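Below you'll find the structure, written out as structure tokens, and then a few comments.
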Amino acid sequence: MEHHEVIIIGAGLTGIAQLYKLKEAGFDTLVLEAGGDLGGTWYWNRYPGCRFDSESYSYGYSFSKELLEEWDWTEHFSPQPENLRYLNFVADKFDLRAHMRFDSKVERATWNEDNHTWTVRLHDGAEFSCPFLLTAIGILSAAVMPRIEGVERFKGQSFHTYHWPQEPVELAGKKVAVVGTGATGVQLIAEIADKVEQLYVFQRRPNWCAPLHNAPITPEEMAKIKASYDEIFDRCMQTAGGFIHGSDPRKMFDVPEEERYAFWEELYASPGFGIWLGNFRDVLMDERCNEQFSEFMAEKIRARVKDPAVAEKLIPKDHGFGTRRVPMETRYYEAYNRDNVQLIDINDTPIETVTETGIRTSERDFDVDLIVYATGFDAVTGAFDRIDFIGVDDQKLRDKWETGPITHYGIQTHGFPNLIMLTGPQSGSGNTNFGRGVEDIVFWAADLLVYLREHGYTRIENTVEAEERWNEHVRDMYDMLLLSKTKSWFTGYNSNVEGRDTIRYVAYNGGAPRYRKRLAECAAKGYEGFVLA
Ligand code: NAP
């Protein structure tokens, strides 16, 4: 059986960064990747309109000055093909590809207490062993099809957005149905509305969307960005979400009404997540503030959508602004002003079945050439559930987390020694501008492995008390925010997956600086909460 000191599952943004750090530290590392090539999120999601919602230059890796100097972003919010090119550029530059094995879907990982190793088995039966197993499997990588009768019956082309084909998909002259209006659906719908003959959007719950205001980056701008990388990354280190946008410390009602609305207009006209993460802090915590800002956003939708009845359908009524992930959009609302775009509210006319020729609602048949399911993911824990992790005494991770994940810092869970989760559930790194959060954890994990090597430790496992303490803290951080009262993947809900119908504490909402500080303190105290042997 092939043996390595470290195996990383996943060659996306996280796996690539972790491999870079471990190669630097001299570890013999193998990355196992299910896809045909590297890139993770940016390898799979090829649907039209897919792009960063983070400023490109705040998302890329910060770990190499040379890389920062050599890479030019061409748009403020870079599209998927460029993001994939970037990750390939990084892998080639640092000679990482030789340590990656593609088309290698991990099916099972079994802990061996006798020799402190994991045995990792692939879908094709190949087996590997390693003392340390690191997961870089993403938080939005377990795509989920809707539980709608007849999905397999459709004779035309159909797929989930995550599985958008690599070969070009002909859209011109086509009748297309899109199911789902989350961040993915919103990007897709806006992008294809003027390219297809007819677009039917099947919406269950609308989201509060905000303008992205993307623009090209000129060579002069890129030169300025390169000269200010230190400040950009410093800024990201200070904000809760790891973005250049940090919340405004003023209390909303302390700011005179006129000034408040002027500030909101400015946010609405500015690029990126500022409107969500740079707003008055209490907008996301206090119902009265949230209601007022939601009404401001509702007026924007009413102003942009010509048909008032359609506008009302696009305004969320069951949750306030920012309590679910805010989809960023480019002319999304204007798409509904087009004659070839129709919004179908499936609360009024539920989908009854998918037929051979399209989608049947309680009202009529919609015959189409293509059905796209933008129905999201079994978020955060789904990718873990799809692998049989078998720990001490044959315990399965899936069983341990049946009613929700429990972890120590989102990095480990008791009973699964030497399994290090990068961007695991309840970790601060998964809940941020991903490029930044990823660096927090991969630097920390690399230091940990060096520490274990230097001290001759072959086993690390967190204590039960430590994970109970962390779980309590994770819950406290949810309680602070209005998002804890809203059903979304942030709160672990998914109508298409069994057992995802109550709140699950899958994310860490305490902010990146707090998380980073906790990790640093833990390491400084000799990895407090972990038993090293
Ligand atoms: P999502 O936010 O979970 O949205 C899924 C959509 O499908 C929702 O509108 C949902 O309706 C609908 N849906 C699910 N099951 C359905 C069913 N059985 N019948 C009808 N409608 C159904 O998933 P997503 O849009 O793929 O986004 C997931 C996350 O990916 C985002 O929140 C974001 O973090 C990330 N993302 C990031 C970017 C970026 O950074 N650029 C872009 C895209 C996505 P309900 O709301 O009623 O459940």
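Each value in this text was obtained by applying a stated rule to the coordinates, not by laboratory testing. In this text, all values refer to a predicted model and were calculated from it rather than measured experimentally. Here the Cβ is made from the backbone with ideal geometry for all residues, glycine too, and neighbour counts use every protein chain on show.
Descriptive notes on the structure:
- Elements of the type helices (runs of 4 or more DSSP H) sitting completely within the stretch 1-102 and holding at least 3 residues that are within 16 Å of the ligand (Cβ to nearest atom): these cover 41-44, 56-59, 80-93.
- Looking only at residues in the stretch 265-297 that are assigned to a loop (DSSP other than H, G, I, E, B) and polar (S, T, N, Q), the one that is surrounded by the most Cβ atoms within 10 Å (Cβ to Cβ) is N279.
- Matching residues in the stretch 459-485 - criterion: being of a type in the set (S, T, N, Q) and either part of a helix (DSSP H, G or I) or under 18 Å from the mean Cα position of the chain (by Cα) (or both): N471, S484
- Residue check for G26: without any contact (Cβ under 8 Å) to a residue 12 or more places away in the chain and farther than 14 Å from L134 by Cα: yes
- Selection of first residues in the stretch 493-521 that are over 25 Å from I441 (Cβ atoms) and of second residues that are within 16 Å of the ligand (Cβ to nearest atom) and among the charged types (D, E, K, R), restricted to Cβ pairs under 7 Å at least 6 apart or on distinct chains, gives the following pairs, ordered by first then second residue: Y493/K487; Y493/R500; Y493/D501; N496/R147; V497/D378.
- Matching residues in the stretch 184-203 - criterion: being within 11 Å of the ligand (Cβ to nearest atom) and either of a type in the set (S, T, N, Q) or closer than 19 Å to D365 by Cβ (or both): T184, Q187, V201, F202, Q203
- Consider the stretch 161-177 and keep the residues that are within 14 Å of the ligand (Cβ to nearest atom) and closer than 27 Å to H76 by Cα. The one that is surrounded by the most Cβ atoms within 10 Å (Cβ to Cβ) is T161.
- Selection count, the stretch 495-511, where residues are within 18 Å of the chain's Cα centre (by Cα) and of a type in the set (S, T, Y): 2
- Residue selected from the stretch 481-492 under the condition within 19 Å of R204 (Cβ to Cβ) and buried (at least 17 other Cβ atoms within 10 Å of the Cβ), by the criterion nearest to the ligand (Cβ to nearest atom): W489
- The stretch 408-428: number of residues that are within 19 Å of the chain's Cα centre (by Cα) and over 15 Å from I8 (Cβ atoms): 6
- Matching residues, the stretch 361-380, being over 18 Å from V151 (Cβ atoms) and buried (at least 23 other Cβ atoms within 10 Å of the Cβ): A379, V380
- Taking the criterion of being of a type outside the set (S, T, Y), within 19 Å of L171 (Cα to Cα) and surrounded by 16 or more Cβ atoms within 10 Å (Cβ to Cβ), the residues of the stretch 332-356 that qualify are A335, V341, L343.
- For the stretch 364-372, the criterion of a residue being away from the ligand (no atom under 15 Å from the Cβ), over 27 Å from the mean Cα position of the chain (by Cα) and over 30 Å from G156 (Cβ atoms) is satisfied by no position.
- Filtered residues of the stretch 215-264 (kept if among the polar types (S, T, N, Q), closer than 17 Å to G60 by Cα and buried (at least 18 other Cβ atoms within 10 Å of the Cβ)): T239
- All conditions in (1) touching a Leu at 6+ places or on another chain (Cβ under 8 Å); (2) buried (at least 19 other Cβ atoms within 10 Å of the Cβ) hold for R459, with the sole exception of (2).
- Flag for K517 being surrounded by fewer than 19 Cβ atoms within 10 Å (Cβ to Cβ) and either assigned to a loop (DSSP other than H, G, I, E, B) or among the basic types (K, R) (or both): yes
- Single match in A446, A520 (criterion: out of contact with any Leu (no Cβ under 9 Å at 6 or more places or on another chain) and either among the aromatic types (F, W, Y) or away from the ligand (no atom under 14 Å from the Cβ) (or both)): A520
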